[in-house]
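The values are calculated or read from the model by the stated rules, or taken from the named source; none is laboratory data. Because the structure is a prediction, the values reported are computed rather than measured. All Cβ positions, glycine included, derive from the backbone under ideal geometry; neighbour counts span all protein chains shown.
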């Protein structure tokens, strides 16, 4: 494909991305896929609230669930996902509880019997969920509690493992030593679901629930964790679990439960569904800004030149990102000021990936000619990342040294993103060079023998174990290339070796038609990330990037808008975001094809 043809597709795609901005703010909100799991939980939580309007929302949710079951009778995390155990257990229980979609619930029962190898008893579900989640009780216990409190197994709580809810009253600094069996983001579930299980199990055996003596303190703890609009982490499933658990434990009239129900009401979609979260506005705005004004990978060295109108747009985005920075210690994780969350809504929690993304976006905007003063925000963001770095040199998601469960330990994709962010702003701190060296050593140790890296926040639902080394390797390779100019000495040799092995693996993973993908079919997202990572390389890398760029351009703007469920949310839930393929394809196509169009 000729460069002019690619540039034409690129221009049309860029206009499409710009048109996707919010009219009022000029930033990007995007849209998360509807979730059967989120819909099941929110519907039951509202149905038990008692208000007529809530019951109507619950009925619409039940209708959506019944209409979106897979052909095999189960449900997946998105409409395009294969049936899985967790979502099918919850959706089938919700339909039975809501006395709706009896046919769908019966079909789901047959799917579950085939999956469990027999009747879908609470004991069988508990064994199967343990095989899925192992010792991590973050999601398994809330699911089993939902089955019990919706009447599955005649309120049998014996199959629901206890949670150490009382430990939530310890000072935050002791959580790591307590070795909680849930991850850091799940504290509301630890409190509410743990207390609920304790109270209900005691009631079932006719005993005394000593935990009620702590209920006042625990509810006050929940109040401090709950954001103003009621949605814990802005997450529909987590908030619904809390509301349901508090109601069954006898605290449904408490302000925490009432605010949670209000959040669920406003999160309902016109078609009757719910997503897993409100939005990823900070994250997708950072990605879109880098694609629209960054001109692709740093190795390209080109960007869109701003005219007066383009500069105004870019400066609005930069100012919005500065305002979205978290400026106070966060009540949820205790994080210091200076980080960014995935959303600017009250439920967002600052994390390594979104902070790195915002820092890189601000760098791109400054390089493109943006005049907004971002210096204070950048210094705060760099300090925040440096303080988060783990003892092993890598980056966790939320909290330094919290534990060993997913989303709390160091991982390659977050570490690589932080490496790139600290590299482009290394002049902001004297501690940056040492942090970069430690990050490089961590990434070298995390690289697989074949040269690939596996990410935490992305995967592929068709791949073994859900792993997606295409996305993981692409993200690390792109970050290494970006960091390379500022790394010298022994670290430069480490970086070069990791980069060469990662490039070789990524180029070898390309399909014959020029695309990338871990499943039966290639995806725009995987191909675009691989192209961006390999652009700036030489020889086989450059050739692979050119073939991938041609594959993307040949799909045209409409074909590039097809989103795939590659995102991996909390508790191993798959999602797709409609802006991912658009912004990543734009970034890939602008590498070495940047124009002066504003």
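Okay, here's what the table says:
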read-out: One residue from 545, 561 being at pLDDT 95 or above and in a loop (DSSP other than H, G, I, E, B); value: 561
read-out: Any chance residue 341 is within 28 Å of residue 506 (Cβ to Cβ) and in the same structural domain as residue 316 (by TED's automatic domain parsing); value: no
read-out: Filtered residue count, the stretch 216-232, keeping only those that are touching a helix residue (DSSP H, G or I) at 6+ places or on another chain (Cβ under 7 Å) and buried (at least 16 other Cβ atoms within 10 Å of the Cβ); value: 10
read-out: Residue check, residue 589 closer than 30 Å to residue 38 by Cβ, surrounded by 21 or more Cβ atoms within 10 Å (Cβ to Cβ) and either in contact (Cβ under 8 Å) with a residue 12 or more places away in the chain or in the same structural domain as residue 455 (by TED's automatic domain parsing) (or both); value: no
read-out: Condition met for residue 477 (surrounded by 15 or more Cβ atoms within 10 Å (Cβ to Cβ), over 25 Å from residue 567 (Cβ atoms), without any contact (Cβ under 8 Å) to a residue 60 or more places away in the chain and out of contact with any strand residue (DSSP E or B) (no Cβ under 6 Å at 6 or more places or on another chain)); value: no
read-out: Options 89, 37, 18: the member that is in contact (Cβ under 8 Å) with a residue 12 or more places away in the chain, under 25 Å from residue 262 (Cβ atoms), assigned to a helix (DSSP H, G or I) and in contact with a helix residue (DSSP H, G or I) (Cβ under 9 Å, 6 or more places away or on another chain); value: 37
read-out: Selection count where residues are surrounded by fewer than 18 Cβ atoms within 10 Å (Cβ to Cβ) and either modelled with pLDDT of 85 or more or in contact with a strand residue (DSSP E or B) (Cβ under 9 Å, 6 or more places away or on another chain) (or both), scope the stretch 134-158; value: 0
read-out: Residue match in the stretch 226-234 (condition: in contact with a strand residue (DSSP E or B) (Cβ under 9 Å, 6 or more places away or on another chain), modelled with pLDDT of 95 or more and assigned to a helix (DSSP H, G or I)); value: yes
read-out: Members of the stretch 453-471 found to be surrounded by fewer than 23 Cβ atoms within 10 Å (Cβ to Cβ), touching a helix residue (DSSP H, G or I) at 6+ places or on another chain (Cβ under 8 Å) and farther than 19 Å from residue 524 by Cα, listed by number; value: 456
